[in-house]
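Student: This is the structure I have questions about; it appears just below.
The values are calculated or read from the model by the stated rules, or taken from the named source; none is laboratory data. Everything quoted here is computed from the prediction, not taken from an experiment. Here the Cβ positions follow ideal geometry from the backbone for every residue, glycine too, while neighbour counts run over all protein chains shown.
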Amino acid sequence: MRSVLVRLACLGLTAGAGEAALSGRRPAQAPTATSTIWSGVYSAAQARRGLLEYSRSCEHCHGSNLTGNPIDEVPSLVADGFMFHWRGRTVQDLYARLSKSMPSDAPGSLDAATYLDLVAYLLEANGFPSGQQDLARDRLSALVIEKSPPRP
């Protein structure tokens, strides 16, 4: 009886995948335990684009080394300063802050893709690994900024 159920389940999965292939859709993937800030959620190319925009729009306040300026109350965007503000918060929180209030001389003036590129650059600058795909806006709320990778 068990082997009949297993065969039926496999047949159903195969049929569903075949139907998705015929329709041109990719089967939906359930979130995995490995979908963390440490699992490569942005691409290296996206981070490079973010660096270019950082140089144009952010460096004059936050500095070329992203350490900010404590005298003018410009926060550091790397290391302990970054973690102090963002640890335990989502990447969506970071994106929202950037897109609503930065650059300080023209808040909200960049397009959504550019803010995503900036977020990718900040993640790279803080040692989070890159992956194969660009950071997508629909994933931001599920990604929590943590100092260390989750334990297996």
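Student: Are there any helices (runs of 4 or more DSSP H) wholly within region 1-117 with 2 or more residues that are among the polar types (S, T, N, Q) and at pLDDT 95 or above, and if so which? Show your work before the answer.
Tutor: On the way: elements: 2-23, 44-57, 59-62, 79-86, 91-101.
Here the list reads 44-57, 91-101.
Student: Test Asp72 against the stated conditions and say whether it is under 19 Å from Val41 (Cα atoms) and not polar (S, T, N, Q).
Tutor: For Asp72, the condition - under 19 Å from Val41 (Cα atoms) and not polar (S, T, N, Q) - is not met.
Student: Surrounded by fewer than 18 Cβ atoms within 10 Å (Cβ to Cβ) and in the same structural domain as Tyr121 (by TED's automatic domain parsing): does that describe Arg87?
Tutor: So Arg87 fits the description; yes.
Student: Quick test of your reading of the structure: Val144 fulfils all but one of (1) surrounded by 14 or more Cβ atoms within 10 Å (Cβ to Cβ); (2) at pLDDT below 95. Name the failing condition by number.
Tutor: (2)
Student: If I ask for residues that are without any contact (Cβ under 8 Å) to a residue 12 or more places away in the chain and of a type in the set (Ser, Thr, Tyr), which ones from region 53-75 would you list?
Tutor: Ser55, Ser64
Student: A follow-up question, please. How many residues, within region 101-149, are under 16 Å from the mean Cα position of the chain (by Cα), more than 22 Å from Arg48 (Cβ to Cβ) and not basic (Lys, Arg)?
Tutor: Matching residues across region 101-149 total 7.
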